[in-house]
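Student: Next up is a structure, given as structure tokens.
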């Protein structure tokens, strides 16, 4: 079907034309980099396992609690790799927020985790 120039110009000016034009275009799905995927997995693990790792239930995951999880033969290797990440980056994670509790120098709080991963993941975007 042939549409005259006048009708074509009228269509181009409408939202309908724009919507039709873009509706058929495939949307490119942005895939996260492997580094970002790993950071998301570590974050999910830390959130999910927080209460399990916080053996003394003081609201902080401390160094000795992380080592206890590493030494536990029932801890799967993948989780041990996440725990190793937390141990390696513990000081940086703990410094992410100042909760006003000075005696927990070697502990990671939920707020620390949230702020740390928010910052790291924003840098990976």
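Student: Check residue 78 against each of (1) closer than 18 Å to residue 38 by Cα; (2) modelled with pLDDT of 90 or more and name the one condition it does not meet.
Tutor: Only one criterion in (1) closer than 18 Å to residue 38 by Cα; (2) modelled with pLDDT of 90 or more is unmet by residue 78, namely (2).
Student: Please find, within the stretch 52-71, the residue that is farthest from residue 120 (Cα to Cα) out of those that are out of contact with any helix residue (DSSP H, G or I) (no Cβ under 9 Å at 6 or more places or on another chain) and exposed (fewer than 13 other Cβ atoms within 10 Å of the Cβ).
Tutor: Per the criteria, the residue is 71.
Student: Looking at 32, 46, 28 in this structure, which one is surrounded by 10 or more Cβ atoms within 10 Å (Cβ to Cβ), in a loop (DSSP other than H, G, I, E, B) and at pLDDT below 90?
Tutor: 32
Student: Restricting the search to the stretch 88-118, which residues are surrounded by fewer than 17 Cβ atoms within 10 Å (Cβ to Cβ) and either at pLDDT 90 or above or under 13 Å from residue 44 (Cα atoms) (or both)?
Tutor: 88, 89, 111, 114, 115, 118
The values are calculated or read from the model by the stated rules, or taken from the named source; none is laboratory data. Everything numeric in this text was worked out from a predicted model, so none of it was measured. FYI the Cβ positions are ideal-geometry reconstructions off the backbone, even for glycines, and counts take in every protein chain you see.
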